[in-house]
1. Answer yes if at least one residue in segment A:64-71 is modelled with pLDDT of 65 or more, within 14 Å of another protein chain (Cβ to nearest Cβ) and either touching a helix residue (DSSP H, G or I) at 6+ places or on another chain (Cβ under 7 Å) or in a helix (DSSP H, G or I) (or both), and no otherwise.
2. Can you pull out the strands (runs of 3 or more DSSP E) entirely within segment B:1-87 that have at least 1 residues that are without any contact (Cβ under 8 Å) to a residue 40 or more places away in the chain and at the interface with chain A (Cβ under 10 Å from one of its Cβ atoms)?
3. Between A:17, A:55, A:43, A:21, which is within 18 Å of residue B:49 (Cα to Cα), out of contact with any strand residue (DSSP E or B) (no Cβ under 8 Å at 6 or more places or on another chain) and at pLDDT 65 or above?
4. Is it the case that some residue within segment B:145-160 is touching a strand residue (DSSP E or B) at 6+ places or on another chain (Cβ under 9 Å) and at pLDDT below 90?
5. If residue B:17 meets every condition in (1) under 18 Å from residue A:45 (Cα atoms); (2) buried (at least 18 other Cβ atoms within 10 Å of the Cβ); (3) at pLDDT 95 or above apart from one, which number is that one?
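The values are calculated or read from the model by the stated rules, or taken from the named source; none is laboratory data. Note that the structure is a prediction, hence the values are computed from the model and not measured. Heads up, the Cβs are rebuilt from the backbone with ideal geometry, glycines too, and the neighbour counts pull from every protein chain shown.
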């Protein structure tokens, strides 16, 4: 029996993976409260360390699984 | 491509490293901040320099590090190795009386195959002599061999078999090009010989 090919429906995943929020701390905060910086680095998405003008100095993470993509 | 079985096991554990990405040439203070965080958390550190694409940029970064009192860049001459390449060592003063011998990775053809990576990286154990299985350590210097492996819960036979496998796998990866792991005990980067001249003022003697 011949059957016509049907158009495959596009499926949307039931649970959409949410991007972790961009967490920032200043370099002054990093130096003042290292434990806070470490706690932030342990969270999903890590922490962006910026200077007083908001310019990125570095991104730090203590990964739970694979290292996430950095969003500059 | 690593032959180190311990690195593979560490990579499987949660919260096993502190990693940081630096977008461009970076002050020695910022790299020290990362290393200090490794000391505080008792974890190995990896610094990725995503903006460094050439040997010249790496040399510039090493020169910046050398300006800091906690960093030493050395010219190494491994016994038995005859080469025109520049063998460069990197050390970081931990603060516990020891220096950490830093391992380097880079996407350059001069680097040994086990130290090639998509980005220039510095990796180190910024703690003490915390590996109870490793007793032949040097008093004032720590290497990755000194890493605290408690989380891996290794028995002595397991540790020995992993060490043996690490050695043989690394040897296999390197010997094809006539290379040898013992040349890199204190070498972070192997670069073209011509770069040594530009680092002449940066090198410190042992």
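1. Filtering segment A:64-71 for residues modelled with pLDDT of 65 or more gives A:64-65.
Applying the additional criterion that residues be within 14 Å of another protein chain (Cβ to nearest Cβ) yields A:64-65.
Subsequent filtering for residues that are either touching a helix residue (DSSP H, G or I) at 6+ places or on another chain (Cβ under 7 Å) or in a helix (DSSP H, G or I) (or both) retains none.
No, the conditions are met nowhere in segment A:64-71.
2. Numbers: elements: B:18-22, B:45-49, B:71-76.
Here the list reads B:18-22.
3. Details: A:17 fails: within 18 Å of residue B:49 (Cα to Cα); A:43 fails: within 18 Å of residue B:49 (Cα to Cα); A:21 fails: within 18 Å of residue B:49 (Cα to Cα).
So the residue among A:17, A:55, A:43, A:21 that is within 18 Å of residue B:49 (Cα to Cα), out of contact with any strand residue (DSSP E or B) (no Cβ under 8 Å at 6 or more places or on another chain) and at pLDDT 65 or above is A:55.
4. In the first step, residues of segment B:145-160 are kept if they are touching a strand residue (DSSP E or B) at 6+ places or on another chain (Cβ under 9 Å); the result is B:146.
Now restrict to residues that are at pLDDT below 90: none.
No, segment B:145-160 contains no residue that is touching a strand residue (DSSP E or B) at 6+ places or on another chain (Cβ under 9 Å) and at pLDDT below 90.
5. (3)
One line per residue, one yes/no per condition, for (1) within 14 Å of residue B:9 (Cα to Cα); (2) free of Cβ contacts under 8 Å to residues at least 40 places away in the same chain; (3) part of a helix (DSSP H, G or I); (4) more than 16 Å from the chain's Cα centre (by Cα):
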{"residue": "B:151", "(1), (2), (3), (4)": "yes, no, yes, yes"}
{"residue": "B:154", "(1), (2), (3), (4)": "yes, yes, no, yes"}
{"residue": "B:158", "(1), (2), (3), (4)": "yes, yes, yes, yes"}
{"residue": "B:161", "(1), (2), (3), (4)": "yes, yes, yes, yes"}
{"residue": "B:164", "(1), (2), (3), (4)": "no, yes, yes, yes"}
{"residue": "B:169", "(1), (2), (3), (4)": "no, no, yes, yes"}
{"residue": "B:174", "(1), (2), (3), (4)": "no, no, yes, yes"}
{"residue": "B:177", "(1), (2), (3), (4)": "no, no, no, yes"}
{"residue": "B:182", "(1), (2), (3), (4)": "no, no, yes, no"}
